[in-house]
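The values are calculated or read from the model by the stated rules, or taken from the named source; none is laboratory data. These numbers come from a predicted model, not from an experiment. Cβ placement follows ideal geometry from the backbone for every residue including glycine, while neighbour counts extend to all protein chains displayed.
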Amino acid sequence: MDHDSEAKQRNYLKLLRELGLTSPADLESIDPLIFAEITENVTHSQDFTSEFPESSQPNLFEEDMLLKPGEIPAVQDRFHALLKRRLQFEIQQKPPLFPWEKEISDYRSEPASVTSPAFSAASMWMAQLRNLSLPVALPETVLVQLLERCEAVVLSSLREGAKLVKAVDALFPGQSQMLNDVARLVMVAPSRSAGTLLPEADLPTSFDEAIEPQQMALSMMAVREILGSLTLTMTPSQPKVDRQWLTDQGLLTLRTEYQLSQGSVRLRVEADLPCGGSLQLQGEEWQALADRPDAGHLNLELRDLSPNKTYPLEVQLGEQDKLVFAISPMSVG
(Lines give C-alpha, C1' and ligand atoms only; values in the text may rest on other atoms or scores of the structure.)
Protein backbone atom coordinates (compact mmCIF):
# COMPACT_ATOMS: atom_id res chain seq x y z
CA MET A 1 0.00 0.00 0.00
CA ASP A 2 1.53 3.40 -1.00
CA HIS A 3 1.90 6.38 1.33
CA ASP A 4 -0.97 8.30 -0.28
CA SER A 5 -3.37 5.40 0.27
CA GLU A 6 -2.18 4.96 3.86
CA ALA A 7 -2.71 8.64 4.54
CA LYS A 8 -6.23 8.44 3.12
CA GLN A 9 -7.07 5.46 5.33
CA ARG A 10 -5.68 7.15 8.45
CA ASN A 11 -7.77 10.21 7.74
CA TYR A 12 -10.79 8.07 6.97
CA LEU A 13 -10.42 6.23 10.30
CA LYS A 14 -10.43 9.60 12.00
CA LEU A 15 -13.58 10.53 10.09
CA LEU A 16 -15.40 7.37 11.20
CA ARG A 17 -14.52 7.98 14.84
CA GLU A 18 -15.69 11.62 14.63
CA LEU A 19 -18.98 10.54 13.05
CA GLY A 20 -19.53 8.05 15.86
CA LEU A 21 -19.90 5.15 13.44
CA THR A 22 -17.58 2.88 15.33
CA SER A 23 -15.02 2.66 18.08
CA PRO A 24 -11.24 2.33 17.58
CA ALA A 25 -11.42 -1.31 18.73
CA ASP A 26 -14.09 -2.07 16.10
CA LEU A 27 -12.04 -0.43 13.36
CA GLU A 28 -8.98 -2.53 14.19
CA SER A 29 -11.02 -5.71 13.66
CA ILE A 30 -12.19 -4.76 10.15
CA ASP A 31 -10.72 -6.90 7.40
CA PRO A 32 -8.13 -4.71 5.57
CA LEU A 33 -9.52 -5.81 2.20
CA ILE A 34 -13.07 -4.89 3.19
CA PHE A 35 -11.90 -1.58 4.62
CA ALA A 36 -9.94 -0.79 1.47
CA GLU A 37 -13.00 -1.50 -0.68
CA ILE A 38 -15.28 0.64 1.49
CA THR A 39 -12.73 3.48 1.55
CA GLU A 40 -12.37 3.38 -2.20
CA ASN A 41 -16.14 3.34 -2.83
CA VAL A 42 -16.92 6.11 -0.37
CA THR A 43 -14.07 8.27 -1.68
CA HIS A 44 -15.32 8.05 -5.24
CA SER A 45 -19.00 8.26 -4.37
CA GLN A 46 -18.90 11.72 -2.77
CA ASP A 47 -19.20 14.61 -5.21
CA PHE A 48 -18.46 17.97 -3.67
CA THR A 49 -17.83 19.91 -6.92
CA SER A 50 -21.28 21.46 -6.78
CA GLU A 51 -20.63 22.88 -3.31
CA PHE A 52 -17.20 24.47 -3.82
CA PRO A 53 -15.27 26.13 -6.64
CA GLU A 54 -12.51 23.92 -7.98
CA SER A 55 -9.82 26.14 -6.52
CA SER A 56 -11.28 26.02 -3.01
CA GLN A 57 -12.42 22.35 -2.77
CA PRO A 58 -11.26 20.84 0.53
CA ASN A 59 -9.50 17.50 0.64
CA LEU A 60 -11.95 14.92 2.07
CA PHE A 61 -9.14 13.32 4.07
CA GLU A 62 -7.35 16.40 5.29
CA GLU A 63 -6.35 16.31 8.92
CA ASP A 64 -8.63 19.18 9.96
CA MET A 65 -11.44 18.37 7.51
CA LEU A 66 -14.91 19.86 8.18
CA LEU A 67 -18.16 18.47 6.76
CA LYS A 68 -21.43 20.30 6.40
CA PRO A 69 -24.24 18.93 8.64
CA GLY A 70 -26.19 17.70 5.66
CA GLU A 71 -23.25 15.70 4.35
CA ILE A 72 -22.68 13.57 7.46
CA PRO A 73 -25.85 11.41 7.04
CA ALA A 74 -24.92 10.84 3.40
CA VAL A 75 -21.52 9.45 4.40
CA GLN A 76 -23.10 7.33 7.13
CA ASP A 77 -25.76 5.91 4.82
CA ARG A 78 -23.21 5.12 2.12
CA PHE A 79 -20.88 3.45 4.61
CA HIS A 80 -23.69 1.33 6.09
CA ALA A 81 -24.94 0.31 2.64
CA LEU A 82 -21.49 -0.77 1.49
CA LEU A 83 -20.78 -2.63 4.69
CA LYS A 84 -24.16 -4.39 4.56
CA ARG A 85 -23.63 -5.43 0.94
CA ARG A 86 -20.18 -6.77 1.73
CA LEU A 87 -21.42 -8.76 4.74
CA GLN A 88 -24.29 -10.19 2.71
CA PHE A 89 -21.81 -11.30 0.04
CA GLU A 90 -19.57 -13.01 2.60
CA ILE A 91 -22.55 -14.74 4.27
CA GLN A 92 -23.70 -16.07 0.90
CA GLN A 93 -20.22 -17.34 0.16
CA LYS A 94 -19.77 -18.88 3.62
CA PRO A 95 -23.06 -19.22 5.52
CA PRO A 96 -22.72 -19.29 9.32
CA LEU A 97 -23.15 -22.63 11.12
CA PHE A 98 -25.20 -23.55 14.14
CA PRO A 99 -23.06 -24.43 17.19
CA TRP A 100 -23.77 -28.14 16.68
CA GLU A 101 -22.91 -28.12 12.96
CA LYS A 102 -19.55 -28.80 11.37
CA GLU A 103 -20.77 -28.27 7.82
CA ILE A 104 -23.78 -26.85 6.00
CA SER A 105 -26.81 -29.13 6.26
CA ASP A 106 -29.92 -29.05 4.09
CA TYR A 107 -32.95 -29.08 6.38
CA ARG A 108 -36.31 -29.94 4.93
CA SER A 109 -38.83 -27.19 5.39
CA GLU A 110 -41.94 -28.18 7.33
CA PRO A 111 -45.27 -26.48 6.77
CA ALA A 112 -46.19 -24.22 9.65
CA SER A 113 -49.16 -25.48 11.60
CA VAL A 114 -51.87 -22.86 11.76
CA THR A 115 -54.26 -23.32 14.64
CA SER A 116 -57.57 -21.60 14.19
CA PRO A 117 -59.52 -20.42 17.19
CA ALA A 118 -62.30 -22.75 18.28
CA PHE A 119 -64.89 -20.06 17.67
CA SER A 120 -65.25 -16.90 15.65
CA ALA A 121 -67.77 -14.11 15.41
CA ALA A 122 -69.24 -15.98 12.43
CA SER A 123 -69.84 -19.16 14.45
CA MET A 124 -73.50 -20.08 14.68
CA TRP A 125 -73.11 -20.54 18.46
CA MET A 126 -72.59 -16.79 18.87
CA ALA A 127 -76.30 -16.00 18.45
CA GLN A 128 -76.92 -17.14 22.05
CA LEU A 129 -74.17 -14.87 23.36
CA ARG A 130 -75.51 -11.81 21.58
CA ASN A 131 -78.62 -12.12 23.75
CA LEU A 132 -77.02 -12.47 27.17
CA SER A 133 -78.77 -10.65 30.03
CA LEU A 134 -76.05 -8.10 30.75
CA PRO A 135 -76.38 -4.44 31.77
CA VAL A 136 -73.73 -3.53 29.18
CA ALA A 137 -73.19 -5.42 25.92
CA LEU A 138 -69.80 -7.06 25.43
CA PRO A 139 -67.85 -6.78 22.15
CA GLU A 140 -68.00 -9.90 20.02
CA THR A 141 -64.23 -10.27 20.22
CA VAL A 142 -64.57 -10.59 23.99
CA LEU A 143 -67.55 -12.96 23.69
CA VAL A 144 -65.58 -15.22 21.36
CA GLN A 145 -62.76 -15.52 23.91
CA LEU A 146 -65.15 -16.10 26.79
CA LEU A 147 -67.01 -18.86 24.96
CA GLU A 148 -63.75 -20.61 24.16
CA ARG A 149 -62.56 -20.32 27.77
CA CYS A 150 -65.92 -21.50 29.11
CA GLU A 151 -65.73 -24.63 26.97
CA ALA A 152 -62.26 -25.26 28.42
CA VAL A 153 -63.36 -25.02 32.08
CA VAL A 154 -66.91 -26.37 31.96
CA LEU A 155 -65.72 -29.97 32.39
CA SER A 156 -63.24 -29.18 35.16
CA SER A 157 -63.78 -29.99 38.83
CA LEU A 158 -63.08 -26.39 39.87
CA ARG A 159 -65.56 -24.60 42.07
CA GLU A 160 -67.73 -21.91 40.55
CA GLY A 161 -65.60 -18.99 41.70
CA ALA A 162 -62.42 -20.58 40.39
CA LYS A 163 -64.11 -21.24 37.06
CA LEU A 164 -65.11 -17.59 36.77
CA VAL A 165 -61.55 -16.44 37.45
CA LYS A 166 -60.03 -19.06 35.13
CA ALA A 167 -62.36 -18.11 32.29
CA VAL A 168 -61.45 -14.41 32.31
CA ASP A 169 -57.85 -14.32 33.59
CA ALA A 170 -56.44 -14.14 30.06
CA LEU A 171 -58.28 -10.83 29.59
CA PHE A 172 -56.79 -9.38 32.77
CA PRO A 173 -53.27 -10.78 33.21
CA GLY A 174 -51.54 -10.21 36.53
CA GLN A 175 -54.76 -9.23 38.34
CA SER A 176 -55.46 -12.45 40.28
CA GLN A 177 -56.29 -10.76 43.59
CA MET A 178 -58.75 -8.31 42.06
CA LEU A 179 -60.29 -11.10 39.96
CA ASN A 180 -60.91 -13.17 43.11
CA ASP A 181 -62.50 -10.19 44.85
CA VAL A 182 -64.79 -9.48 41.89
CA ALA A 183 -65.68 -13.18 41.56
CA ARG A 184 -66.96 -13.23 45.15
CA LEU A 185 -69.21 -10.27 44.39
CA VAL A 186 -70.51 -11.81 41.16
CA MET A 187 -71.35 -15.11 42.90
CA VAL A 188 -73.56 -13.37 45.51
CA ALA A 189 -75.06 -10.88 43.05
CA PRO A 190 -78.39 -12.77 42.59
CA SER A 191 -79.17 -12.51 46.30
CA ARG A 192 -78.10 -8.86 46.47
CA SER A 193 -79.43 -7.87 43.00
CA ALA A 194 -77.32 -6.96 39.98
CA GLY A 195 -77.89 -3.28 40.75
CA THR A 196 -75.73 -3.61 43.86
CA LEU A 197 -72.87 -5.06 41.81
CA LEU A 198 -73.11 -2.47 39.02
CA PRO A 199 -75.29 0.47 40.09
CA GLU A 200 -77.22 1.88 37.14
CA ALA A 201 -75.96 5.40 37.83
CA ASP A 202 -72.37 4.21 37.46
CA LEU A 203 -72.88 2.02 34.38
CA PRO A 204 -70.50 2.81 31.51
CA THR A 205 -71.90 3.45 28.06
CA SER A 206 -69.80 0.61 26.61
CA PHE A 207 -67.45 -2.17 27.68
CA ASP A 208 -64.40 -0.29 26.38
CA GLU A 209 -65.25 2.77 28.47
CA ALA A 210 -65.73 0.75 31.68
CA ILE A 211 -63.01 0.79 34.32
CA GLU A 212 -61.15 -2.49 34.85
CA PRO A 213 -63.20 -3.79 37.84
CA GLN A 214 -66.38 -3.15 35.86
CA GLN A 215 -64.97 -5.01 32.86
CA MET A 216 -64.08 -7.92 35.14
CA ALA A 217 -67.59 -7.98 36.61
CA LEU A 218 -69.26 -7.82 33.18
CA SER A 219 -67.01 -10.58 31.83
CA MET A 220 -67.71 -12.84 34.83
CA MET A 221 -71.45 -12.20 34.61
CA ALA A 222 -71.28 -13.34 30.97
CA VAL A 223 -69.18 -16.38 31.90
CA ARG A 224 -71.61 -17.37 34.64
CA GLU A 225 -74.52 -17.26 32.22
CA ILE A 226 -72.61 -19.18 29.53
CA LEU A 227 -71.51 -21.90 31.96
CA GLY A 228 -75.08 -22.18 33.21
CA SER A 229 -76.25 -22.84 29.66
CA LEU A 230 -73.49 -25.38 29.01
CA THR A 231 -74.04 -27.39 32.23
CA LEU A 232 -76.87 -29.86 32.75
CA THR A 233 -76.92 -31.21 36.31
CA MET A 234 -79.42 -33.92 37.23
CA THR A 235 -80.31 -35.12 40.73
CA PRO A 236 -82.73 -37.77 42.11
CA SER A 237 -85.19 -34.97 42.82
CA GLN A 238 -84.73 -33.51 39.33
CA PRO A 239 -83.80 -36.40 37.03
CA LYS A 240 -84.77 -34.51 33.85
CA VAL A 241 -83.14 -31.30 32.66
CA ASP A 242 -83.84 -29.38 29.44
CA ARG A 243 -81.58 -26.81 27.83
CA GLN A 244 -81.98 -24.50 24.83
CA TRP A 245 -79.29 -22.70 22.86
CA LEU A 246 -80.06 -20.19 20.14
CA THR A 247 -78.02 -20.60 16.95
CA ASP A 248 -77.98 -18.77 13.64
CA GLN A 249 -79.81 -21.77 12.18
CA GLY A 250 -82.51 -21.81 14.83
CA LEU A 251 -83.06 -23.20 18.31
CA LEU A 252 -81.14 -26.22 19.61
CA THR A 253 -83.01 -28.11 22.33
CA LEU A 254 -81.40 -30.71 24.60
CA ARG A 255 -83.28 -33.00 27.00
CA THR A 256 -81.36 -35.18 29.43
CA GLU A 257 -82.71 -37.89 31.74
CA TYR A 258 -80.99 -40.33 34.04
CA GLN A 259 -81.85 -43.31 36.19
CA LEU A 260 -79.79 -44.27 39.22
CA SER A 261 -79.92 -47.98 40.09
CA GLN A 262 -77.58 -49.88 42.43
CA GLY A 263 -74.93 -47.19 42.22
CA SER A 264 -74.92 -47.14 38.40
CA VAL A 265 -76.28 -44.43 36.10
CA ARG A 266 -78.24 -44.84 32.91
CA LEU A 267 -78.10 -41.61 30.91
CA ARG A 268 -80.33 -40.70 27.96
CA VAL A 269 -79.95 -37.58 25.78
CA GLU A 270 -82.43 -36.30 23.20
CA ALA A 271 -81.91 -33.34 20.91
CA ASP A 272 -83.85 -31.32 18.36
CA LEU A 273 -81.32 -29.95 15.88
CA PRO A 274 -81.99 -26.80 13.83
CA CYS A 275 -79.93 -28.25 10.97
CA GLY A 276 -77.94 -31.36 10.14
CA GLY A 277 -75.48 -32.39 12.82
CA SER A 278 -74.45 -34.98 15.36
CA LEU A 279 -74.27 -35.85 19.07
CA GLN A 280 -71.43 -37.61 20.84
CA LEU A 281 -71.64 -38.60 24.51
CA GLN A 282 -68.36 -39.81 25.99
CA GLY A 283 -68.48 -42.25 28.91
CA GLU A 284 -65.68 -43.73 30.97
CA GLU A 285 -65.17 -46.67 28.64
CA TRP A 286 -67.79 -46.30 25.91
CA GLN A 287 -69.22 -43.54 23.79
CA ALA A 288 -72.54 -43.11 22.02
CA LEU A 289 -72.90 -41.43 18.62
CA ALA A 290 -75.91 -40.25 16.60
CA ASP A 291 -76.17 -38.01 13.56
CA ARG A 292 -78.53 -36.89 10.82
CA PRO A 293 -78.09 -34.90 7.57
CA ASP A 294 -80.85 -32.39 8.21
CA ALA A 295 -82.83 -30.72 10.98
CA GLY A 296 -84.74 -33.03 13.29
CA HIS A 297 -84.64 -35.33 16.31
CA LEU A 298 -81.72 -37.37 17.66
CA ASN A 299 -81.27 -39.49 20.77
CA LEU A 300 -78.57 -41.61 22.34
CA GLU A 301 -77.98 -43.51 25.58
CA LEU A 302 -75.14 -44.72 27.79
CA ARG A 303 -75.28 -47.13 30.72
CA ASP A 304 -73.03 -48.11 33.61
CA LEU A 305 -71.88 -44.57 34.23
CA SER A 306 -70.67 -43.37 37.62
CA PRO A 307 -72.70 -40.80 39.56
CA ASN A 308 -71.16 -37.49 40.68
CA LYS A 309 -68.98 -37.28 37.60
CA THR A 310 -69.14 -34.97 34.60
CA TYR A 311 -69.44 -36.34 31.06
CA PRO A 312 -68.89 -34.34 27.85
CA LEU A 313 -71.65 -34.10 25.29
CA GLU A 314 -70.33 -32.76 21.99
CA VAL A 315 -72.91 -31.22 19.68
CA GLN A 316 -71.90 -30.52 16.11
CA LEU A 317 -73.99 -28.44 13.74
CA GLY A 318 -73.00 -28.35 10.10
CA GLU A 319 -69.50 -29.51 9.22
CA GLN A 320 -67.34 -27.62 11.73
CA ASP A 321 -69.32 -25.83 14.44
CA LYS A 322 -68.93 -27.85 17.65
CA LEU A 323 -69.81 -27.07 21.23
CA VAL A 324 -69.23 -29.16 24.37
CA PHE A 325 -71.89 -29.41 27.08
CA ALA A 326 -71.24 -30.87 30.55
CA ILE A 327 -73.65 -33.57 31.75
CA SER A 328 -73.50 -34.20 35.51
CA PRO A 329 -75.69 -36.97 37.04
CA MET A 330 -75.60 -36.58 40.84
CA SER A 331 -76.48 -39.21 43.42
CA VAL A 332 -77.83 -36.70 45.95
CA GLY A 333 -79.77 -33.48 45.78
Selection from segment 146-171 of residues surrounded by fewer than 19 Cβ atoms within 10 Å (Cβ to Cβ) and within 15 Å of the chain's Cα centre (by Cα) yields Glu148, Asp169, Ala170, Leu171
Within segment 251-275, residues among the small types (Gly, Ala, Ser) and modelled with pLDDT under 95 come out as Ser261, Gly263, Ser264
Counted residues in segment 230-264 being in contact with a strand residue (DSSP E or B) (Cβ under 6 Å, 6 or more places away or on another chain) and among the polar types (S, T, N, Q) come to 7
Apart from one, (1) touching a Ser or Thr at 6+ places or on another chain (Cβ under 8 Å); (2) assigned by TED's automatic domain parsing to the domain that holds Val182; (3) among the basic types (Lys, Arg) all hold for Arg224; the odd one out is (1)
Residue hits (segment 301-329; outside any strand (DSSP E or B) and either among the polar types (S, T, N, Q) or more than 30 Å from Ala127 (Cβ to Cβ) (or both)) are Ser306, Pro307, Asn308, Lys309, Thr310, Gln320
In segment 224-247, residues that are of a type in the set (A, V, I, L, M, F, W, C) and not in a strand (DSSP E or B) total 3
Within segment 224-246, of all residues that are of a type in the set (Gly, Ala, Ser) and closer than 24 Å to Leu134 by Cα, the one surrounded by the fewest Cβ atoms within 10 Å (Cβ to Cβ) is Gly228
Taking segment 188-223 and keeping only residues that are surrounded by fewer than 16 Cβ atoms within 10 Å (Cβ to Cβ) and either part of a loop (DSSP other than H, G, I, E, B) or at pLDDT 90 or above (or both), one is left with Ser193, Pro199, Leu203, Pro204, Thr205, Ser206, Asp208, Glu209, Ile211, Glu212
Of the candidates Pro307, Pro274, Pro236, Pro293, the one satisfying the condition of being touching a Gly at 6+ places or on another chain (Cβ under 8 Å) and in contact (Cβ under 8 Å) with a residue 60 or more places away in the chain is Pro236
